[in-house]
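Only the coordinates and a few stated rules stand behind these numbers; no lab work does. Treat the numbers as computed from the prediction; the structure is a model and nothing was measured. Cβ: placed from backbone, ideal geometry, glycine included. Neighbour counts: every protein chain shown.
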Amino acid sequence: MKIVVCVKQVPNTANVKIDQQTGTMIREGVESIINPDDLGGLEAALKIKDQNNAEVIAVSMGPLQADKALRECLAMGANRAILLSDRAFAGADTWATSLVLAKAIENIKPDLIIAGRQAIDGDTAQVGPQIAEHLGVPSVAYVNEINLNMDSLIVKRMFEDGYQTIKVKTPCLITVLKEINQPRYMKVQKIYTAFRDGLVEVWDNSKLNIEQENLGLKGSPTRVKKSYTKGVKTAGKVFEVSPKEAVQIIVDKLKESYIL
Amino acid sequence: MELGFDREHILLRQMLKEFTENEVKPLASEIDEEERFPKETVEKMRVAGIMGIPFPEKYCGEGGDYIGYVTAVEELSKACATTGVVLSAHTSLCAGPIFEFGTEEQKEKFLKPLASGEKLGAFGLTEPNAGTDASKQETIAIEDGDYYIINGSKIFITNAGYADIYVIMAMTDPSLGTRGITAFILERDMPGFTIGKKEKKMGIRGSATCELIFDDVRVPKSNMLGKVGYGFKIAMKTLDAGRIGIAAQACGIAEGALEETITYVKERKQFNRAISKFQNTQFVLADLATKIDAARMLMYRAAYNKDNNISYTKEAAMAKLYASEVALEVTNKAIQLHGGYGYSREYPVERMMRDAKITEIYEGTSEVQKMVISSYLLK
């Protein structure tokens, strides 16, 4: 079995700062990590590998610095790592990104593609399902449990208020939540071998042959009008009191604000 | 890139930081309070490959190096010096000499399970009447056909009871002094080998420190490490390497205490402002950080020398001497900056100060380090 895991290198910060002028993220001085949902995807693939002897291939589109994220995937146990990097890919929105990833995955011909639900920098949750669209394979998003059958998967798809159990035929794509598992630590021995030459393959567009007009900024229908950080609310106050006292406190507060 | 570190060392440190944060830090106070050996952590360290970092893959090690191993001791010790010394005694005092001086057969039998972390290691040199003067060994090994029969005892043995494999020094010819000492590999289940009383200690209280008792222990000659009479040499070589691990432990303790203090002084308000705004705080922190960095440089230089087959005896002694002094000074000042809270067990710095003291004592006291260093100066 061949599993492709899509990973994205993202800035490690819960509150990304936005450049007010350009509306884009300020990446300088921020440490880069593997997107947490993607790490869950990698662990899910490695669990399948532990039990079924699968080949796990980590794929990332990004600048050459994303090499580090792929070495981490190798150190955790991925068999191969492929970095899709080309100046022409720069400035891509989710559509242009998913096209590049899909073309690369076409070359690999996996039985299963696992992506993280969404990246903590963009939060779109679009790239995974879009890859499935480009490839014409079924996709299930928000997966929190995977059970493998012969030529299908039974997955649990989580919603805020419940879940669905879905049977899906392979080849297919799933996107997973980081809550699906606890990712393993990198193994020391694999850390030492992860940096050997040739372990991270770099593919540019000469390998994928995508028309220039479908790449990068040109191939991106999305235009960002404005990005901004929502204002921070002041911290709430917790009263641990009986319901009766709670009612009194609420009434008092409402009166204080002249609502009552 | 940081001086002297390769990309794999940086990734290794990242992994160790995550491991320490998730697995080691939450237990540190509990194992100190309960004087409990962190068995479950050692098992997790085995899975992650932390127990055999500097040994080749053919002996079930991780194919890493000494810099990687001391990085592990340093990172673990930032949160818990006990966990740091469990790894240090296992790696540099037990697996280390077997790798360096063992026969191929001994490496197959003992190094493989040690490096894979399946078994835990310990080392025994110190006796009630043989501390710094290690030549006064009273543990005796008498030849008997294909065996040696060992009688005597060892004290203050780290990992005792939990370790499966022990590198032990015993006198094979008392008339020869240090040249009459021979090293043996003992297994926990050998008849006549028992674990004696457990020490109640000031610090590193989760670490198991016990007496070893040998009562007619029959050890096959194939378990002799090195040649007859080479035990003292092996012990000294082993401690040279071990000292880099203890220096790493001391650096880790100091770094952990500094991190805790930086967090505290930013939060703690007196006279209407965070105490980090006072120049006294700033100057103390600046001094401590500078000393820690100096200690780390000495420590990593010694590790670098060992990895590159450059003499490291003096360098290891300097690293341990200085790093242990820094650990004690930093933890002491960390408590001072915490004020009354620092003296309370609610904050980790008091434990760190108790833990720091041992680094000036074991694997050669600070005075022994000075003897080693000056012997190179006055050659």
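What the table shows:
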{"item": "Cα-centred dipole magnitude for chain B, charges only on beta-carbon of K, R (+1) and D, E (-1), debye, nearest 20", "result": "900"}
{"item": "Cα centre as origin, Lys/Arg/Asp/Glu Cβ charges: chain A dipole, Debye", "result": "160"}
{"item": "Loop-resident sites, segment A:1-95, for trypsin sites (Lys or Arg not before Pro), counting at most 16 other Cβ within 10 Å (DSSP)", "result": "A:Lys17, A:Arg27"}
{"item": "Gyration tensor over alpha-carbon atoms, segment B:71-153, equivalent ellipsoid semi-axes in Å", "result": "27, 20, 9"}
{"item": "Among the listed pairs B:Lys107/B:Lys201; A:Lys17/B:Lys17; A:Lys17/B:Lys277; A:Lys49/B:Lys107; A:Lys17/A:Lys68, those beyond 29 Å (Cα-Cα)", "result": "B:Lys107/B:Lys201; A:Lys49/B:Lys107"}
{"item": "Partner aspartates and glutamates for B:Lys291 [C-alpha distance under 18 Å; skip if fewer than 8 residues away on the same chain]", "result": "B:Glu2, B:Glu74, B:Glu75, B:Glu255, B:Glu259, B:Glu260, B:Glu315, B:Glu325, B:Glu329, B:Glu360"}
{"item": "Cα long-axis angle, helix A:36-52 against chain A (0 to 90 degrees, to the nearest 10)", "result": "50"}
{"item": "Orientation-averaged projected area, Cα convex hull of segment A:2-214 (nm²)", "result": "12.6"}
{"item": "In segment B:274-369, GluC sites (Glu not before Pro) in a DSSP loop with at most 11 other beta-carbon atoms within 10 Å", "result": "B:Glu346"}
{"item": "Distance between segment B:191-215 and segment A:233-247 - C-alpha centres, whole angstrom", "result": "54"}
{"item": "Residue-averaged beta-carbon neighbours from other chains (10 angstrom radius) around B:56-64", "result": "3"}
{"item": "Loop trypsin sites (Lys or Arg not before Pro), segment B:281-375 (other Cβ atoms within 10 Å of the site Cβ: 12 or fewer; DSSP)", "result": "B:Arg345"}
{"item": "Charge dipole of the protein assembly as shown about the Cα centre (unit charges at C-beta), most positive-ward option of B:Phe37, A:Thr175, B:Thr238", "result": "A:Thr175"}
{"item": "Taking A:Val143, B:Val330, A:Val238, B:Val85 and counting other C-beta atoms within 10 Å, the order from fewest to most", "result": "A:Val238, A:Val143, B:Val85, B:Val330"}
{"item": "Within chain A, longest stretch free of exposed chymotrypsin sites (Phe, Trp or Tyr not before Pro) [DSSP loop, at most 15 other beta carbons within 10 Å]", "result": "A:1-227"}
{"item": "Selection from A:Ile131, A:Ile146, B:Ala134, by position along the positive dipole direction of the protein assembly as shown (Cβ)", "result": "A:Ile131"}
{"item": "Label point distance in nm, A:Glu211-B:Lys197, each placed 7 Å from Cα along Cα→Cβ", "result": "8.7"}
{"item": "Within segment A:114-216, percent of DSSP bridges classed antiparallel, to nearest 5", "result": "70"}
{"item": "On Cα atoms only, tilt of A:243-256 relative to the major axis of chain A in degrees", "result": "80"}
{"item": "Mean Kyte hydropathy of -1.0 or more with a Cα span along the axis of at least 20 Å, helices from DSSP in chain B", "result": "B:66-79, B:231-267, B:279-307, B:313-338"}
{"item": "Pairs of alpha carbons in the protein assembly as shown whose separation is greater than 36 Å (percent)", "result": "50"}
{"item": "Distance between segment B:274-339 and segment B:1-77 - C-alpha centres, whole angstrom", "result": "20"}
{"item": "Cα-based shape type of segment B:103-228, given that a ≥ b ≥ c are square roots of the gyration tensor eigenvalues and the cut on a/c is 1.5", "result": "oblate"}
{"item": "For chain B, projected area of the alpha-carbon convex hull averaged over all directions, nm²", "result": "18.8"}
{"item": "Average projection area in nm² (convex hull over Cα atoms of segment A:158-260, one quarter of hull surface)", "result": "17.0"}
{"item": "Residue exposure sequence - A:Thr124, B:Thr41, B:Thr83, B:Thr91 - by fewest surrounding Cβ within 10 Å", "result": "A:Thr124, B:Thr41, B:Thr91, B:Thr83"}
{"item": "Footprinting exposure proxy for B:Lys237, B:Lys198 (fewest neighbouring C-beta atoms within 10 Å first)", "result": "B:Lys198, B:Lys237"}
{"item": "Positive-end residue of B:Cys80, B:Ile335, A:Ile3, charge dipole of the protein assembly as shown with Cβ unit charges", "result": "B:Ile335"}
{"item": "Antiparallel DSSP beta bridges within the protein assembly as shown, as percent of all bridges there, nearest 5", "result": "60"}
{"item": "Rounded to the nearest 20 debye, dipole of the protein assembly as shown from Cβ charges on Lys, Arg, Asp, Glu", "result": "1180"}
